[in-house]
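The values are calculated or read from the model by the stated rules, or taken from the named source; none is laboratory data. Keep in mind it's a predicted model, so treat the numbers as computed, not measured. Methodologically, a virtual Cβ is constructed for each residue, glycine included, from the backbone with ideal geometry; neighbour enumeration extends over all protein chains shown.
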Amino acid sequence: MRDTPSTKLKLQYRRLLEFGLIVSLVLHVLLMQGYKKVRERKLKLSSDVQILTVEEIPQTQREKQAPAPSRPSVPIASEDETLPEDETIEFTELDLDDEPPPPPPPPDDGAPMFFAYDEAPVPIGGWSALQRNLVYPPMAQKAGVEGKVVVNAEIDAEGNVGRTWILQSLVGCDEAAVAAIRKTKWKPAMQRDQPVFVRVAITVIFQLN
């Protein structure tokens, strides 16, 4: 048989096709072998995996704090030798809202009794003179204490102030009211143009400006 160009081309095509099939088969075999190895490696790694379990930790309850200890008593030294050495005085708080009751009037010791009068005793210079002599206690002023003190006072025929006692009290202001009354000069009470001894109630006003 004579070799022609077409015959040679067909022969070359057949050889190339066979060679391509052989190469493709070899590659498939190699890929299958590699896939098996990779799979075996994954299975081997998966068998080494450890499963961790997390247990729920119970919540701890906070203990209640104990109450604060009571304030200790403060020992105070006393000059009285009859008291035991371990005697203590408990701490007390001063309540300024509880006003003490007014003291009772002084007993009658023979002083002149009340006389009726036509004109009541008045401060010389007017009632403004009494207010000018009034010194507002600093503690009451800082505390904002306002009000009035009613003082029962004895005023003799010369206009002098004798005994005094409180009829209506105001916290921290009683002594200042009595001091202002005693410092003020008084015109005595008059009965039928005669000065007489009297006992009168005098109101002293405490008011912050």
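Since Ala176 meets every condition but one in (1) in contact with a strand residue (DSSP E or B) (Cβ under 7 Å, 6 or more places away or on another chain); (2) outside any loop (DSSP other than H, G, I, E, B), which condition does it not meet?
(1)
If you go through region 93-140 one residue at a time, how many are modelled with pLDDT of 90 or more and farther than 21 Å from Lys187 by Cβ?
6
Given Val200, Val196, Val178, which one is surrounded by fewer than 19 Cβ atoms within 10 Å (Cβ to Cβ), assigned by TED's automatic domain parsing to the domain that holds Met139 and closer than 19 Å to Asn152 by Cβ?
Selected residue: Val200, the only one of Val200, Val196, Val178 that is surrounded by fewer than 19 Cβ atoms within 10 Å (Cβ to Cβ), assigned by TED's automatic domain parsing to the domain that holds Met139 and closer than 19 Å to Asn152 by Cβ.
Quick check, is Val145 crowded, with 16+ Cβ neighbours inside 10 Å and part of a helix (DSSP H, G or I)?
Against the criterion (crowded, with 16+ Cβ neighbours inside 10 Å and part of a helix (DSSP H, G or I)), Val145 does not qualify.
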